[in-house]
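A.B. asks: Sharing a structure below in structure tokens format, with a few things to ask.
The numbers here are math on the coordinates, done by the rules we state, and not lab data. Since this is a predicted model, take the numbers as computed values, not measurements. Every residue, glycine as well, gets a Cβ built from its backbone with ideal geometry; the counts of neighbours run over all protein chains shown.
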Amino acid sequence: MFESIKTFFQNNRGTIIILGIFVFCGGFLRLYNLGEQSLWIDEGYTINASQGIVEYGYPLLDSGKTYDAHKLHNYITAGSMKLFGFDAQNPWSARLPAALFGILSILAVFFFTKRVTSSLFTSLSASFLMTFSYWEIAWSRQARGYADMQFFILLSFAFFYSWLENKKIINGLLAILFLVLSYFSHGVALIFIPAYFVIFIIHGISSGKIKEWLSFSTIGFLVILGVFGTWILYRILPSIVTYSYVDNYVSFLSGDLKYISLAVIFVLFGLFFGKKIFWKSVYLIGIILPTIIIVIFYSQVIQTRYLLAIFPFLLITGAYGLYLIVYKKEYIKPEYKMILYFIIIGAVAFTTSTFIPQSIYNLESGSPQPNFKKAYTIINNLKKNGDVIISPYTHLSKIYLDDKGLWLPISLTGRTSEITANTINGGDYYTGAPIIPDQTALENILNTMHGYIVIDSMAKVRLKGLLTAIINHPRVTLLYDNKSATNDVVAVYSFGI
């Protein structure tokens with residue numbers, strides 16, 4: 001496969017120029033004012049762990065625990081923060097790794113698509129959609145591991161395809177390596193594991209090479225993949241529960257992504273265009289279908305970001321489906337086929353893309369994005385010695401103020417069990433900040449201490465009675481409340497001041 005990539009670059013200068021334009025435009029959109037938007041809750045977890053890595057060499061939290069999630073991304077982020085410094089008011093260095101992986105994913109989409117479909121038009125079209133996708137740009141600008149995970153999983157399936165074709169051990173090992181790197185970038189990558197087995201079985205049956213299943217390289221590949229998959233499932237199996245969010249995810253696919261989803265369905269036509277196209281279509285559908293079923297039926301929360309893992313494959317498969325529809329129509333003159341194809345791709349892109357750089361991106365309804373930067377700036381300008389900071393997100397208090405304060409516990413998912421799991425020795429798991437266990441303790445603090453409280457729209461819903469106790473307390477004053485915000489609302493209260 002490495003040799004084929006080298007040959008491609010030697011013989012396709014025009015294509016390289018087009019890809020260069022995509023990379024330049026995609027890079028500009030992903031890097032433009034990268035540090036302008038406020039940090040949100042999940043980014044704070046990454047940065048909090050990365051600060052531990054910078055200071056101690058591993059993700060040690062102030063609570064004494066270690067942050068075990070997304071290790072690869074956190075170490076890369078820590079390296080960026082160490083190299084370029086970190087400023088909470090302009091956290092571009094923490095977001096840079098995700099942005100760079102987002103840019104690299106444009107190329108990964110091209111090479112995966114070219115390898116699987118052998119269609120230059122489809123490969124360029126998929127890369128074009130990836131370059132300007134609003135969703136892709138938005139998540140490439142977050143200090144999270146989604147972009148890394150996408151990049152590595154694309155490479156994994158590219159090498160897996162090559163391994164199925166030629167059974168070279170190196171391709172199988174690289175497929176596993178990039179799957180592992182994808183998982184350690186973000187744990188959601190584990191949802192792809194069943195797809196490898198489904199594709200392998202279908203390939204063996206359709207090719208009529210059942211006996212090759214007993215070859216050394218095949219058994220070795222499946223054993224390694226199976227051990228890795230079993231280890232992961234053993235870790236997450238106790239938490240897998242069906243929560244019946246099917247309607248929400250189907251609504252998203254048929255709403256926000258309706259044109260992409262429709263284009264994906266067109267790939268089914270490839271099943272009727274001969275054995276060669278049949279296998280290419282099956283490979284793409286084999287990646288998407290098992291994975292999307294897992295997301296829809298086993299997500300514990302309604303977060304459409306989990307579909308982000310599959311999104312590049314949706315773009316690729318959609319582009320290929322449109323290619324099959326246009327190029328297999330014999331009544332369309334050959335000279336018009338390319339024009340028609342790119343017109344359709346442009347129409348699809350119009351519904352999912354942005355071509356103008358922005359500083360602020362909205363992610364999803366399940367990912368609150370209050371302007372914490374503004375809220376904590378107000379506190380930082382007013383804060384004096386002895387002031388106490390109360391927040392449900394003490395890791396953000398630590399990042400913005402270097403003061404973790406007191407923890408007003410809420411569950412991000414709305415489940416009480418999450419608060420119990422995140423309470424370590426009477427404090428917050430992420431910072432060790434002392435917990436405010438109940439309303440009596442809260443009222444005692446409001447009566448005897450002085451300081452500030454940060455509460456966003458999600459916390460207002462989760463706190464219920466505690467919020468009423470705060471708002472109605474005679475020593476509490478509202479300082480800031482961005483009710484007109486296009487993103488989520490955040491409020492700052494002072495007490496005893």
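A.B. asks: How do 95-102, 111-118, 81-88 rank on mean C-beta neighbours within 10 Å, highest first?
C.D. replies: Result, highest mean Cβ count within 10 Å first: 95-102, 111-118, 81-88.
A.B. asks: Looking at region 372-495 only, what percent of DSSP beta bridges run antiparallel? Nearest 5 please.
C.D. replies: So the antiparallel bridges in region 372-495 amount to around 70 percent.
A.B. asks: On to the next question. Cβ neighbours within 10 Å, averaged per peptide: list 285-295, 180-190 in order, most packed at the top.
C.D. replies: 180-190, 285-295
A.B. asks: Run the numbers for Ile169 and Arg13: contour at 0.36 nm per residue of separation, minus the present Cα-Cα distance, in nm.
C.D. replies: Residue separation times 0.36 nm, minus the Cα-Cα distance, leaves 53.0 nm.
A.B. asks: Cα-Cα over 23 Å: which of Lys167/Lys280; Lys373/Lys398; Lys71/Lys460; Lys71/Lys464; Lys65/Lys383; Lys383/Lys404? Don't skip to the end; give the middle numbers.
C.D. replies: On the way: Lys167/Lys280 17 Å; Lys373/Lys398 12 Å; Lys71/Lys460 32 Å; Lys71/Lys464 35 Å; Lys65/Lys383 29 Å; Lys383/Lys404 14 Å.
Violating the 23 Å limit, Cα to Cα: Lys71/Lys460; Lys71/Lys464; Lys65/Lys383.
A.B. asks: What's the center-to-center distance, using Cα atoms, between region 332-367 and region 120-150 in Å?
C.D. replies: Distance between centres, Cα-based: 12 Å.
A.B. asks: Starting from the Cα of Lys114, draw a straight line to each of the aspartates and glutamates and keep only those under 15 Å, dropping any in the same chain fewer than 8 residues away.
C.D. replies: List returned: Glu3, Glu165.
A.B. asks: Can you work out ³J(HN,Hα) from phi for every residue in region 177-190, in order, using Karplus 6.51 cos²θ - 1.76 cosθ + 1.60 and θ = phi - 60°, giving whole Hz and x for Gly and Pro?
C.D. replies: Coupling constants for region 177-190: 4, 6, 5, 4, 4, 5, 5, 7, 7, 7, x, 5, 4, 5 Hz.
A.B. asks: Moving on to the next point. Give the cross-link partners of Lys82 among the aspartates and glutamates, using a straight C-alpha distance below 18 Å as the criterion and excluding same-chain residues fewer than 8 apart.
C.D. replies: In chain and number order, the partners are Glu43, Glu55, Asp402.
A.B. asks: Per-residue counts of other Cβ atoms within 10 Å, averaged by peptide: what ranking do you get for 123-130, 19-26, 134-141, highest first?
C.D. replies: Per-residue Cβ counts within 10 Å, averaged per peptide and sorted highest first, yield 123-130, 134-141, 19-26.
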